[in-house]
1. Which percent of Cα-Cα pairs in region 13-97 sits in each 10 Å bin, short to long?
2. Between their Cα atoms, which of Lys21/Lys51; Lys12/Lys32; Lys12/Lys138; Lys12/Lys34; Lys5/Lys32 are more than 21 Å away from each other?
3. Give the residues of region 20-43 whose amide nitrogen is closer than 18 Å to a point set 7 Å from the Cα of Cys10 in the direction of its Cβ.
4. Could you work out [θ]222 nm for the chain from helices alone, using -39500 (n - 2.57) per DSSP H run of at least four and dividing by all its residues? Round to the nearest 500 deg cm²/dmol.
5. Can you tell me what the convex hull of the Cα atoms of the chain projects to on average, as an area in nm²?
6. Can you compute the modelled spin-label distance between Asp124 and Ser3, with each label point 7 Å from Cα toward Cβ, in nm?
7. What is the packing order of peptides 12-18, 33-39, 64-70, taking the mean over residues of other C-beta atoms within 10 Å and listing the highest first?
8. Once fully extended, how much extra length lies between Cys105 and Thr78, figured as 0.36 nm per residue of separation less the alpha-carbon to alpha-carbon distance?
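No lab work stands behind these numbers, since they all come straight from the coordinates. If you're wondering where the values come from, they're calculated on a predicted model, not measured in any experiment. Note that each Cβ is placed from the backbone with ideal geometry, even for glycine, and that neighbours are counted across all protein chains shown.
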Amino acid sequence: MTSSKTCFKCNKTLPLTEFYKHSGMGDGYIGKCKECNKADVRANRLKNVDKYRAYDLERAKHPDRAKAAYEITKRWRTEDKRRMKCHNAVSRAVRKGEITRQPCCICGSEKSLAHHESYDHPLDVVWYCQPHHKARHKEMVLQDIDP
């Protein structure tokens, strides 16, 4: 048995760990490497964005997924009570006009979310779009910072 395979898409010879398993294939692995496969999936999803958004919305309504989302939200709220207090404080301040929603500080997107670097300062926020907000939280986890 060989320990490598050539991707039919990029023509690179890579170890089998770089290919997804597939029982229907002769050698047990898909003929396209993981990176090419991921690129194709991303491109297809972008090409059919409306179809996938509708699918994702319907899928989220399934009882098991709705229950899981509820449990995740419940756990998130109880893990650190300061989070909800800060989120509510920002919500009230925006509604009252005490603070103004700003565009994302990185890309300038108007669809932005308030990010707390520290939950000890409820109205001290940085505005990020969803992707940059997620990236910032990932950075904080890597740096082991507790907001």
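1. Answer for region 13-97: a P(r) of 14, 19, 24, 26, 11, 5, 0 percent.
2. Where the Cα-Cα span goes over 21 Å, the pairs concerned are Lys21/Lys51; Lys12/Lys138.
3. Residues 20-21, 29-43 qualify, since their backbone N sits under 18 Å from the label point.
4. After summing the helix terms and dividing by the residues of the chain, the value is -16000 deg cm²/dmol.
5. Orientation-averaged projected area of the Cα hull: 13.4 nm².
6. With each label placed 7 Å out from Cα toward Cβ, I get 5.3 nm.
7. 33-39, 12-18, 64-70
8. Separation in residues times 0.36 nm, less the Cα-Cα distance, equals 6.8 nm.
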